[in-house]
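What follows is a short report on a single structure.
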Amino acid sequence: MQKLAPYHNVDGLEPAKGMLEIAKHKGLYKNYLNQFMFLNSGLEYDQYDVVVTAGTFIAGHLKSDCLEEFCSLVKSGGYVIVSMGDRYMKMVEEYRQNMRSTIERLESQGRWKVIKDETFPNYFKVGSGVGRLFVFRKL
Ligand SMILES: C[S@@+](CC[C@H](N)C(=O)[O-])C[C@H]1O[C@@H](n2cnc3c(N)ncnc32)[C@H](O)[C@@H]1O
């Protein structure tokens, strides 16, 4: 991302201390947040232009209600961008039950608009490798 545009004001959130240490060596982030993401995370709402998360919607990781938390964290007009393995939408029961309904509820409540909801190839090497990309714009 830094090669594409001068993104300097970026925070990184990661619950695993070891992973956060690796991230620190890259010197890419302004704040390093060592915590889990969950609904009512305690982070200040309406503070980010964009939230990007990759590969965190997997069994035992983020729950669907984190989508609502991401929506709360971005400013009006900001974006939430999620990439994940498409197969987890069906394989993980919690996502099967709650992910689409959470996305649709936030849209019907006028909190965000779904900009992209599509699959793409070569996301990872195991299984079909098909990824899913969501882009939401907060209203
Ligand atoms: C499969 S890795 C993906 C790492 C990287 N983003 C990528 O795409 O290669 C999942 C990451 O999510 C983190 N994680 C797990 N549960 C989390 C939670 N509740 N909140 C925030 N991060 C979490 C893990 O520590 C791990 O670093």
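No lab work stands behind these numbers, since they all come straight from the coordinates. It should be emphasised that the depicted structure is a prediction, and the values quoted were computed from it without experimental measurement. Ideal geometry is used to build each Cβ from the backbone, glycine not excepted, and the neighbour counts take in all protein chains shown.
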Item to check | Centre separation in Å (Cα based) which lies between segment 5-34 and segment 67-139 | outcome: 23
Next on the checklist: Can you list residues from other chains, or at least 5 along the same chain, whose modelled amide H is less than 5 Å from the amide H of residue 50?
Outcome noted: 79
Checklist entry - In deg cm²/dmol, rounded to 500, what helix-only [θ] at 222 nm does the chain give when every DSSP H run of at least 4 residues adds -39500 (n - 2.57) and the total is split over its residues? => result -8000 deg cm²/dmol
Next on the checklist: For a quick check: with amide H placed at 1.01 Å from N, whose amide H comes under 5 Å from residue 131's, ignoring anything fewer than 5 positions away on the same chain?
Outcome noted: 86, 120, 122, 123
Checklist outcome for this item: Expected vector for segment 2-7, Karplus 3J(HN,Hα) from phi with 6.51, -1.76, 1.60 and θ = phi - 60°, integer Hz, x for Gly and Pro, equals 5, 6, 7, 7, x, 8
Item to check | Values of log10 I(q)/I(0), in the order q = 0.16, 0.31 Å⁻¹, for segment 93-139 under a Debye, Cα-only, solvent-free model | outcome: -0.55, -1.05
Item to check | Cα-centred dipole magnitude for the chain, charges only on beta-carbon of K, R (+1) and D, E (-1), debye, nearest 20 | outcome: 360
Item to check | Taking all pairs of distinct alpha-carbon atoms in segment 7-138, Kirkwood radius in angstrom | outcome: 15.5
Item to check | Per-residue HN-Hα couplings for segment 116-127 [Karplus 6.51, -1.76, 1.60; θ = phi - 60°; Hz; x = Gly/Pro] | outcome: 9, 8, 8, 8, 8, x, 6, 6, 8, 7, 7, x
Next on the checklist: To check you understand DSSP bridge types, tell me what percent of the beta bridges within the chain (both residues inside) are antiparallel, rounded to 5.
Outcome noted: 60
Checklist outcome for this item: Ordering 61-71, 8-18 by per-residue average of other C-beta atoms within 10 angstrom, highest first, gives 61-71, 8-18
Checklist entry - Structure shown: which of 30/125; 24/63; 3/30 lie over 20 Å apart, alpha-carbon to alpha-carbon? => result 30/125; 24/63
Checklist entry - Where is the GNM fluctuation largest for the chain (alpha-carbon springs, 10 angstrom cutoff): 84, 37, 19? => result 19
Item to check | Backbone HN-Hα couplings from phi across segment 55-65 [Karplus 6.51/-1.76/1.60, Hz, Gly and Pro as x] | outcome: x, 9, 8, 9, 3, x, 9, 6, 8, 4, 5
Item to check | Mean Cα-pair separation over length for segment 3-101, i.e. relative contact order, pairs under 8 Å, 6 or more apart, % | outcome: 24
Checklist entry - For the charge dipole of segment 1-40, defined by +1 on Lys and Arg C-beta atoms and -1 on Asp and Glu C-beta atoms about the Cα centroid, which residue among 32, 4, 19 has the Cα displaced farthest towards the positive pole? => result 4
Checklist entry - For 81, 22, 103, what ranking results if the residue with the fewest other Cβ atoms within 10 Å of its Cβ goes first? => result 22, 81, 103
